[in-house]
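The values are calculated or read from the model by the stated rules, or taken from the named source; none is laboratory data. Please read these numbers as outputs of a predicted model, since none were measured by experiment. Note: ideal-geometry Cβ built from the backbone for every residue, glycine included; neighbour counts use all protein chains shown. Quick note on the areas: whole protein, heavy atoms, side chains included, nothing else; ligands and nucleic acids left out. Shrake-Rupley method; radii C 1.70, N 1.55, O 1.52, S 1.80 Å.
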Amino acid sequence: MSLSAAARLVPLPVREWDEKTRAMLRGHVKSADRYLSGAPDAPAMPGVLGVLAHHPELAGAWLAYNGLLIERPTVDPRERELVILRVAWRSESDYEWAQHVRIATSLGVDAEQIEAVRYGPQAPVWSPVQRALLAMTDQLLDRHRVDDAVWAQLELHFDSRQLIELLFVAGSYLCLAMVFNSVALQPDPEQEERS
């Protein structure tokens, strides 16, 4: 397991959020009022939001930006999730891995594919486009650029807008993984740990 024994930066409990922080969440998260209600049946605040609550201005900007990638994607969300899962696996981000296994599963990514993410583009389950997405992700993590051969494969399946989005997805989730790992964000109670 890659996490420290204890969180370095504990998610800020909702009861400690000021009105500015609450307004930030309401402006960027659809289910904000459910999280903030304080009702006995209110869902627990995800750890990522509690960590971001330590810096509401940055959180608002991040959630607006990330909301575009998640809520109004130009690429198939299942393909996006394969990229995110590969970033999470390679960066050893338990929190990100657990969150996105749940999201990918809800989008129809099957258990065999989730398992194959761990092995990368060489796993036999991948279609040519999925193989190219995972190769792109590995190259970005290893060399910070995509080589000509993989780029040519991606251009067969994605337009320029989608290509830019895919690069930003990989980079954005690497950024999140670095934050999660550095603050030692613990898995949310309902998440299964990375196996």
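A few comments on the model shown:
- Here the accessible area of the chain is 55 percent carbon and sulfur, with a 1.4 angstrom probe and all protein chains present.
- Extension gain, A149-R15: 0.36 nm per intervening residue step, less the Cα-Cα distance, totals 43.1 nm.
- Where trypsin sites (Lys or Arg not before Pro) fall in DSSP loop in the range 40-134, at most 16 other Cβ within 10 Å: R118
- Virtual spin-label span in nm between A64 and A6, 7 Å along Cα→Cβ: 3.7 nm
- Computed [θ] at 222 nm, helices only, for the chain once each DSSP H run of length n ≥ 4 contributes -39500 (n - 2.57): -19000 deg cm²/dmol
- Residues of the chain: accessible area per residue with a 1.4 Å probe, Å²: 52 Å²
- The range 127-195 - convex hull of the alpha-carbon atoms, volume per residue in Å³: 124 Å³
- Residues of the range 157-192 with amide N under 19 Å of a point placed 7 Å along Cα→Cβ from E115: 192
- In the chain, Rg over Rh equals 0.98, where Rg is the alpha-carbon radius of gyration and Rh the Kirkwood radius from pairwise Cα distances.
- Selection from S91, A149, I164, by position along the positive dipole direction of the chain (Cβ): I164
- Computed FRET value (nearest 0.05) for L107 with H54, which takes r as the C-beta separation and R₀ as 30 Å: 0.50
- Contour excess over end-to-end distance, with Cα ends at L156 and A123 and 0.36 nm allotted per residue: 9.8 nm
- Values of log10 I(q)/I(0), in the order q = 0.13, 0.20 Å⁻¹, for the range 1-84 under a Debye, Cα-only, solvent-free model: -0.50, -1.00
- For the chain, relative contact order (Cα pairs under 8 Å, six or more residues apart, normalised by length) works out to 32 percent.
- Simple point charges give the picture: +1 on the Cβ of Lys and Arg, -1 on the Cβ of Asp and Glu, and for the range 126-195 a dipole about the Cα centre of about 200 debye.
- Comparing L36, V48, V183 along the charge dipole axis of the chain, the residue lying farthest to the positive side is L36, per the Cβ-charge model.
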